[in-house]
Amino acid sequence: MTYPTDPESDKTDSRADLAALDAKLREHAKNQRKKNPEPADAGKRGTAIGMAFRLSTELVAGLIAGGLVGWLLDQWLGTKPWLLLIFFFLGTAAGIMNVFRTATLMAGDAAQDQDKPDVPSGDR
Amino acid sequence: MSASADQGGGGLGIDPMHQFEVHSIIPIEISGINASFTNASMWMVFAAIGVISLTVLAMNGRAMVPGRWQSIAELSYEFVANMVRDNVGTAGQSYFPFIFTLFMFVLFSNMLGMLPYSFTTTSHIIVTFALAMFIFLGVTLVGFIKHGAHYLTLFVPKGLPAVLLPLIVVIEVISYLSRPISLSVRLFANMMAGHTMLKVFAGFVIGFIGAGGLFTGLAIAPMAFMVAFTGLEILVAFLQAYVFAILTCIYLNDALHLH
């Protein structure tokens, strides 16, 4: 964003100048985007370590949530330790489902980036 | 980096977890509850002040040609605005202030933690869990306000055989409840692991130098690693703030646009 003229220098035509420049810049940006589509946003998918870490926390979070629900239900219903055991396994299932969903989401993102990299992603 | 260097002699006495200790600065007690102003509170206030200064002071000039600070403020605004638009759509625009505040606060907390002798508030699970729980409750509330009891169909996948229904619904509910846990654990674990690692390697440097003689030269290896790792930690600090904000967007999208 560099303007060749200082907007403060000439108050009278600066507005018209700026409008013209703005139109020109817009045109240029549009051509540029068409000619040279932005590369896939690296930050979007993060690093490989980030992806791996995200998946593992999803799994662990499911386990913890299941265990917690089971433990609280046990406290409430006085059925120690059966619900804890049952919900621990249900939590594992939930964790695996979380991982599966996150992985599907990641794969979808990656495929989208490969198929059509010229998706207009704003003017980031 | 060397926050723990001042205590313990000769490297072996260095405690890499010392940096995470919370101590009160202004002791306050309200009816038996310890509500002291701690170093954690102080650095959270610093993060809030940092965000406010960046957004208010930097935008004060409202220059047509933005200066450095205004550029940063505008860039972060557009970054989050695009994130909300891409992930939630136009319906998400009314939640933009919340997401922006959240992103900036987490980002500033993470980045302030990179300063030597500072305290990383996001390396404490209670801080990240409070943030995540607030998001979780808020998103659930938004879902129920927008869709009423119909929001519960979120837990029932389409085309499910009736036999499996009870099992899958329970699993779906647990999966939903695990959201604040995974959200908070991810941020907390990343920040804590990174900072512990930095201090451990800083301890190696001091240990090698303390050993003297031939070992002093060896100190260059952990030192070089630390320089590289500090760069990575800055990336992680940004990335985790980004992930925190984008997952909030995804959860919000689920609540606003029921499948």
Handout entry: Percent of C-alpha pairs per 5 Å bin, region B:44-175, short to long
Key = 2, 9, 13, 15, 15, 15, 10, 8, 6, 4, 2, 1, 0
Practice task
Mind jotting down a quarter of the surface of the convex hull over the alpha carbons of region B:22-120, in square nanometres, one decimal?
Solution key: 9.0 nm²
Practice task
Would you be so kind as to identify which of B:247, A:96, B:181 lies farthest towards the positive end of the dipole of the protein assembly as shown, taking Lys and Arg as +1 and Asp and Glu as -1 on Cβ and the Cα centre as origin?
Solution key: A:96
Problem - Accessible surface, chain B, averaged per residue in Å² (probe 1.4 Å) - result: 50 Å²
Practice task
Order the following by accessible area, largest value first: B:69, A:76. Probe radius 1.4 Å; ligands, DNA and RNA are ignored.
Solution key: A:76, B:69
Fill in the blank from the handout: Rh_Kirkwood(the protein assembly as shown) over Cα pairs, Å, one decimal, evaluates to 24.3 Å
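Give me the dipole magnitude in Debye, nearest 20, for the protein assembly as shown about the Cα centre, with unit charges on the beta carbon: positive for Lys and Arg, negative for Asp and Glu. Numbers along the way, then the final one.
Values: 23 positive and 26 negative charges, 132 e Å.
Charge dipole of the protein assembly as shown: 640 debye, to the nearest 20.
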Exercise for the section: Can you pull a Stokes-Einstein diffusion coefficient for region B:39-97 at 37 °C (0.692 mPa s), Rh from Kirkwood over Cα pairs, as a whole number of µm²/s? Expected result: 253 µm²/s
Problem - Whole-Hz couplings from phi, Karplus 6.51/-1.76/1.60, listed for region B:123-135; x for Gly and Pro - result: 8, 10, 5, 5, 5, 5, 5, 4, 4, 5, 5, 4, 4
Handout entry: Whole-Hz couplings from phi, Karplus 6.51/-1.76/1.60, listed for region B:38-48; x for Gly and Pro
Key = 9, 5, 5, 4, 4, 6, 5, 4, 4, 4, 5
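Quick check on chain B: what are the equivalent-ellipsoid semi-axes from the Cα gyration tensor, as sqrt(5λ), descending, whole Å? Walk me through the numbers on the way to the answer.
Working: eigenvalues 310, 122, 75 Å².
In descending order, the three semi-axes are 39, 25, 19 Å.
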Problem - For residue B:37, residues with placed amide H under 5 Å, excluding near neighbours - result: B:25, B:26, B:28
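List the trypsin sites (Lys or Arg not before Pro) within region B:56-128 that fall in a DSSP loop (any state other than H, G, I, E or B) and whose Cβ has at most 10 other Cβ atoms within 10 Å.
Values: sites: B:62, B:68, B:85; in loops: B:62.
Taking region B:56-128 and a limit of 10 other Cβ atoms within 10 Å, the loop trypsin sites (Lys or Arg not before Pro) found are B:62.
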Problem - Estimated vicinal HN-Hα couplings, Hz - region A:60-74 in sequence order (Karplus 6.51, -1.76, 1.60; Gly, Pro = x) - result: 5, 5, x, 4, 5, 4, x, x, 5, 4, x, 5, 5, 5, 4
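The values are calculated or read from the model by the stated rules, or taken from the named source; none is laboratory data. Keep in mind that this is a model prediction, so the values were computed, not measured. When we count neighbours, we look across all protein chains shown, and the Cβ atoms used for this are built from the backbone with ideal geometry, even at glycine. Keep in mind that these areas ignore ligands, DNA and RNA; they rest on the heavy atoms of the full protein, side chains included. Shrake-Rupley method; radii C 1.70, N 1.55, O 1.52, S 1.80 Å.
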